[in-house]
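In what follows, a single structure is set out as structure tokens and then discussed.
Read-outs throughout are calculated quantities, based only on the coordinates presented, and are distinct from any laboratory measurement. Remember, it's a predicted structure, so these values are computed and weren't measured experimentally. Neighbour counts are summed over all protein chains in view; Cβ atoms, including those assigned to glycine, are modelled from backbone coordinates with ideal geometry.
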Amino acid sequence: MQNSKKTDSIRSSGQLPRALDNIDRKILGELTKDADTSYADLSMRVGLSAPAVHERVKRLKSSGRIKGTAALLDGPSVGKPLLAFVHLDTEGWGKTKELMELSKLPELEEIHSVTGDSCMLLKVRLENSEALEGFLAKLYELPGVRSTKSYVALTTYLERPVQAEITPDLAMKQFSDSSY
């Protein structure tokens with residue numbers, strides 16, 4: 001009998017993919033800016049031949065580093081000007097089958113398990129405050145939901161997908177002085 005358990009984080013080949021190099025990061029950065037960029041244009045931007053870029057993109061896709069290609073939509077222009085972040089506090093573990101069923105709603109963009117004074121963080125984009133109220137009502141219908149805190153975004157200054165670049169020295173370094 002085949003195991004039907006979801007294995008998103010398990011690699012099928014048993015081998016870890018090779019580490020990203022600077023060229024991979026440049027390719028990913030360029031594709032993040034415009035996923036429709038041709039291999040010829042990418043090759044000029046990163047300094048490789050078009051076939052070499054094509055092979056790297058294939059490898060980045062097969063390793064799961066590129067999950068897919070999607071159009072980035074503008075919320076207000078598609079009738080969803082209200083962006084809110086909902087902190088959800090539940091009894092026990094926050095992720096339930098019922099909560100995950102809400103992912104079928106197109107207004108629910110992200111679900112995160114978080115640390116702090118709530119269990120889950122939800123990102124929702126809706127048409128108005130009445131729709132937010134309806135979404136919150138759906139949350140309170142779920143078993144185990146204790147409370148919510150909603151934060152409505154007034155202005156968005158930066159919103160972007162995952163970036164491939166890494167800022168050097170951003171991670172905290174261990175103290176070398178043992179007197180701390």
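What the table below lists for this structure:
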{"item": "Residue count, the range 41-61 (criterion: in a loop (DSSP other than H, G, I, E, B) and either surrounded by 14 or more Cβ atoms within 10 Å (Cβ to Cβ) or touching a helix residue (DSSP H, G or I) at 6+ places or on another chain (Cβ under 6 Å) (or both))", "result": "2"}
{"item": "Only listed residue being touching a residue at least 40 places away in the same chain (Cβ under 8 Å) and exposed (fewer than 13 other Cβ atoms within 10 Å of the Cβ), chosen from 146, 125, 65", "result": "146"}
{"item": "Among residues of the range 16-39, those that are exposed (fewer than 14 other Cβ atoms within 10 Å of the Cβ), under 22 Å from residue 71 (Cβ atoms) and either more than 25 Å from the chain's Cα centre (by Cα) or aliphatic (A, V, I, L, M) (or both), counted", "result": "0"}
{"item": "Number of positions in the range 134-165 that are part of a loop (DSSP other than H, G, I, E, B), over 20 Å from the mean Cα position of the chain (by Cα) and farther than 15 Å from residue 81 by Cα", "result": "3"}
{"item": "Count of residues meeting criterion [part of a helix (DSSP H, G or I) and under 17 Å from residue 143 (Cα atoms)] in the range 96-121", "result": "7"}
{"item": "Test: residue in the range 73-81 that is closer than 18 Å to residue 159 by Cα, free of Cβ contacts under 8 Å to residues at least 40 places away in the same chain and part of a loop (DSSP other than H, G, I, E, B)", "result": "yes"}
